[in-house]
Amino acid sequence: MEITLETVVFYFLAVFISVCSILTVTTRHMVRSATYLLFTLFGTAGIYFLLGYTFLGSVQIMVYAGGIVVLYVFSILLTSGEGDRTTKLKRSKLLAGLGATVGGAIIVVFITLKHKFLVTTDLVLLEINIKTIGHSMLSSNKFGYLLPFEAVSILLLACIVGGLVIARKR
């Protein structure tokens, strides 16, 4: 197996995403957790750019890293102080989480080893323009995503209103 720059960048991004993901859920400071989530989303965008999905990488940065993390940070700062810490997990919950993680890893390894992957040799590069992606995502036909898109919009609006209600009580 030949080691290329693309392979090195992929492994670097994989380790970076894994470390930042673990730090996201293990840190006790909420603002730091949101910052590690931001780094995880940037690393995921780096994987998309490495795979050649420029549109998906750009959307990852603009929507998730730009919008959602800012919403999280404002929600955290509106509902709690900057120095607030999360409570420490009880040993039983920690063991339950570790057990679920190990169980999930065993299932993933079992399925990966059981599955026979087919080698594809005749790959054809297909470039789809942004107009086609937009029409297919926001159409209301069988494979359109208009209804889930609107449902997520309403959910985010409810989160914003809930955050404001909680902040006004203080």
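The values are calculated or read from the model by the stated rules, or taken from the named source; none is laboratory data. The structure displayed is predicted, hence computed values, not measured ones. Backbone-built Cβ (ideal geometry, glycine too); neighbour counts: all protein chains shown. What goes into the accessible areas is simple: the full protein's heavy atoms, side chains included, and nothing from ligands, DNA or RNA. Shrake-Rupley method; radii C 1.70, N 1.55, O 1.52, S 1.80 Å.
Filtering segment 102-119 down to residues that are open to solvent by 90 Å² or more (accessible area, probe 1.4 Å) and not hydrophobic (A, V, I, L, M, F, W, C), which residue is modelled with the highest pLDDT?
Taking the candidates together, the pick is 114.
Of the numbered conditions (1) in a loop (DSSP other than H, G, I, E, B); (2) touching a residue at least 60 places away in the same chain (Cβ under 8 Å); (3) surrounded by 13 or more Cβ atoms within 10 Å (Cβ to Cβ), residue 88 satisfies every one except a single condition; which is it?
(3)
What's the number of the only condition in (1) within 22 Å of residue 27 (Cβ to Cβ); (2) modelled with pLDDT of 85 or more; (3) open to solvent by less than 90 Å² (accessible area, probe 1.4 Å) that residue 95 fails to meet?
Residue 95 satisfies every listed condition except (3).
List the pairs whose first member sits in segment 27-53 and is touching a residue at least 40 places away in the same chain (Cβ under 8 Å) and farther than 14 Å from residue 71 by Cβ, whose second member is open to solvent by 40 Å² or more (accessible area, probe 1.4 Å) and part of a helix (DSSP H, G or I), and whose Cβ atoms are under 7 Å apart, counting only residues at least 6 apart or on separate chains?
Taking only residues 6 or more apart or on different chains, the pairs are 50/6; 50/9; 50/10.
Confirm whether residue 74 is in a helix (DSSP H, G or I), surrounded by 11 or more Cβ atoms within 10 Å (Cβ to Cβ) and in the same structural domain as residue 163 (by the TED database).
Spelling it out, it is not the case that residue 74 is in a helix (DSSP H, G or I), surrounded by 11 or more Cβ atoms within 10 Å (Cβ to Cβ) and in the same structural domain as residue 163 (by the TED database).
Filter the helices (runs of 4 or more DSSP H) completely within segment 1-65 down to those with at least 3 residues that are at pLDDT 90 or above and not assigned by the TED database to the domain that holds residue 75.
Ranges flagged: none.
From (1) farther than 25 Å from residue 133 by Cα; (2) surrounded by 14 or more Cβ atoms within 10 Å (Cβ to Cβ); (3) not hydroxyl-bearing (Ser, Thr, Tyr), pick out the condition that doesn't hold for residue 45.
So the condition that residue 45 fails would be (1).
Of everything in segment 125-136, what is touching a helix residue (DSSP H, G or I) at 6+ places or on another chain (Cβ under 7 Å) and open to solvent by less than 90 Å² (accessible area, probe 1.4 Å)? Give them in sequence order.
Correct list: 133 only.
Could you say which residue among 157, 123 is within 30 Å of residue 59 (Cα to Cα) and within 21 Å of the chain's Cα centre (by Cα)?
Exactly one of 157, 123 is within 30 Å of residue 59 (Cα to Cα) and within 21 Å of the chain's Cα centre (by Cα), namely 157.
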